[in-house]
Amino acid sequence: MIVSNGIQKIIDLYNTLHTGILAPYSQKEYKFNPHITLGYFRNKYDEFDNNLYTTAYQEATILNFDISTTFDHIALLKGNDSSPPEIIKMFY
């Protein structure tokens with residue numbers, strides 16, 4: 001889902017988060033487009049699954065999402081699959 005309000009604030013936060021320790025994960029070759037990811041469409045080999053994506057996209061389009069919300073903070077978490085995530089920093 002694409003964000004329609006507060007785009008520049010989200011981009012600024014994204015750029016701030018991708019400095020320091022997260023700098024290696026910054027994807028400068030792509031322009032960041034604020035969004036909310038609704039799924040992870042990969043097969044068992046961790047390859048993009050276009051059929052799964054297309055089906056999910058068609059189903060989401062039929063639902064005609066129109067969601068409004070306000071975020072008052074974002075948490076930077078560190079974790080793995082075997083333990084609960086640890087809060088590294090809160091952004092208000």
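Evaluate the stretch 63-71: report whether one residue or more is of a type outside the set (Ser, Thr, Tyr), closer than 30 Å to residue 21 by Cβ and at pLDDT below 85. Yes, the stretch 63-71 has at least one match.
Taking the stretch 23-62 as the range and being of a type in the set (A, V, I, L, M) and assigned to a loop (DSSP other than H, G, I, E, B) as the test, the residues that pass are 36, 38. Across the stretch 10-32, the qualifying residues are those that are within 15 Å of the chain's Cα centre (by Cα) and of a type in the set (D, E, K, R), and the one among them that is nearest to residue 71 (Cα to Cα) is 12.
Return the total of residues in the stretch 31-83 being in contact (Cβ under 8 Å) with a residue 24 or more places away in the chain and hydrophobic (A, V, I, L, M, F, W, C).
At the first step, the residues of the stretch 31-83 found to be in contact (Cβ under 8 Å) with a residue 24 or more places away in the chain are 33-36, 38, 65, 67, 74, 76.
Filter once more, keeping what is hydrophobic (A, V, I, L, M, F, W, C): 36, 38, 65, 67, 74, 76.
Number of matching residues: 6.
Taken over the stretch 33-92, the criterion of being of a type in the set (Val, Ile, Thr) and either under 17 Å from the mean Cα position of the chain (by Cα) or surrounded by 10 or more Cβ atoms within 10 Å (Cβ to Cβ) (or both) is satisfied by 36, 37, 54, 55, 67, 69, 70, 74, 87, 88. Among the residues of the stretch 11-54, those that are at pLDDT 85 or above and among the hydrophobic types (A, V, I, L, M, F, W, C) comprise 11, 23, 41, 48, 52.
The values are calculated or read from the model by the stated rules, or taken from the named source; none is laboratory data. Keep in mind that this is a model prediction, so the values were computed, not measured. Counting neighbours? That spans all protein chains shown, and the Cβs are built from the backbone with ideal geometry, glycine included.
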